[in-house]
């Protein structure tokens, strides 16, 4: 079936488009983009409501779907439903499942489940090491053949320089990035919060910024030596950002991502209004204001490549314990777009074009997956946003199986109107006027 999205404002950096355009979809592909496209026979016409922005589908390159093995926290069905509601047409899922995704059988199981129950596209990320134990390499060729788009031991750093070198060399044979959780375990120790005044005041063990930057420097040096691509996950410190900037200037194949909570919140939130709120416990931890300011400058300068959520669902009872004992991580799929619009676009830190690069173009490029543009013959994956929509975060309505977010009750400017995957509408925001024009949401087949 053909669908014509008529009169919408399209932002597509790879086509150099930031203007009103019609977009014709033919099945699961884009058929044409242009001004005043003719309405052919058997074409469903969708008049795009005023104020809606059409973007190439957003891809979150850092998500924990928890399945297999931790379905009490999240499933592929609930996680991808949350992704659709958050405006993401694809997600890359980390391998720290139970069992770990360190072999083809687990990768295939994830893809099979996603094909049956996924609302959006799912791109598995395989483990760097067997069992994520940091001792010996996983069979990266086997993971690649089964459908993995990258390798990572996320949640744990690759512990030795030798293992990281071998991973870069092995993954580089298949043009796959190695995504590293950069953290020196000896410096982190038993830390639970950023090592600074707030942690000291609250009596919490600290994680110094240097624990991150030392490993970033190591990975950059190894990427430079091997010529392979390394991606720095959830970068959070100014020291690490400086290292990435300098490495890019000399041509190292390094990219990095930042999570919304690291450009919106600081460690000062730990001291109030709810002290020791475990929904503020994440790894890397919330940093100090100087780090947030540096990250904002990094967006402006172009040093940061992607915005990724590090969506890490946990059940309420797992978080409802003492701060030291609570697991790290928060959910983020359904708040990322609104936080980015509210805190980066509306404040002038980045343009809408830059936002599309950070959330669509670059993630697709880094992971080497289809998308990032709505050129003809490309996947009909579209994220529709409204800049002026008023969005109040209501965690009781979250599609995720978990509710561990510090953003409940926040009111933000800008939100997701609808999400289209493979030409099918998989999410419609009923609270935004005009969203119904995109039709009733259906699950992706």
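Observations on the model:
- Candidates are the residues of the stretch 9-23 that are under 12 Å from residue 382 (Cα atoms) and out of contact with any helix residue (DSSP H, G or I) (no Cβ under 8 Å at 6 or more places or on another chain); the one that is surrounded by the most Cβ atoms within 10 Å (Cβ to Cβ) is 23.
The rows are residues; the columns are (1) surrounded by fewer than 24 Cβ atoms within 10 Å (Cβ to Cβ); (2) more than 30 Å from residue 180 (Cα to Cα); (3) in the same structural domain as residue 331 (by TED's automatic domain parsing); (4) more than 23 Å from the chain's Cα centre (by Cα).
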position	(1), (2), (3), (4)
31	yes, yes, no, yes
43	yes, yes, no, yes
73	no, no, yes, no
77	yes, no, yes, no
98	yes, no, yes, no
111	yes, no, yes, no
117	yes, no, yes, no
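- Test: residue 393 is more than 29 Å from residue 20 (Cβ to Cβ) and assigned by TED's automatic domain parsing to the domain that holds residue 18: yes
One line per residue, one yes/no per condition, for (1) assigned to a loop (DSSP other than H, G, I, E, B); (2) without any contact (Cβ under 8 Å) to a residue 60 or more places away in the chain; (3) surrounded by fewer than 18 Cβ atoms within 10 Å (Cβ to Cβ):
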| position | (1), (2), (3) |
| --- | --- |
| 309 | yes, no, no |
| 323 | yes, no, no |
| 334 | yes, no, no |
| 337 | no, no, no |
| 342 | no, no, no |
| 353 | no, no, yes |
| 372 | yes, no, no |
| 375 | yes, no, yes |
| 388 | no, no, yes |
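- Checked against the criterion of being more than 30 Å from residue 292 (Cβ to Cβ), crowded, with 22+ Cβ neighbours inside 10 Å and under 26 Å from the mean Cα position of the chain (by Cα), the stretch 172-182 has at least one qualifying residue.
- Tabulated pairs, the stretch 102-129, first modelled with pLDDT under 95, second surrounded by fewer than 18 Cβ atoms within 10 Å (Cβ to Cβ), C-beta under 7 angstrom, 6+ apart or interchain: none
The values are calculated or read from the model by the stated rules, or taken from the named source; none is laboratory data. Fair warning: this is a prediction, and the values are worked out from it, not measured in the lab. Here Cβ is always computed from backbone atoms with ideal geometry, including for glycine, and neighbour counts include all displayed protein chains.
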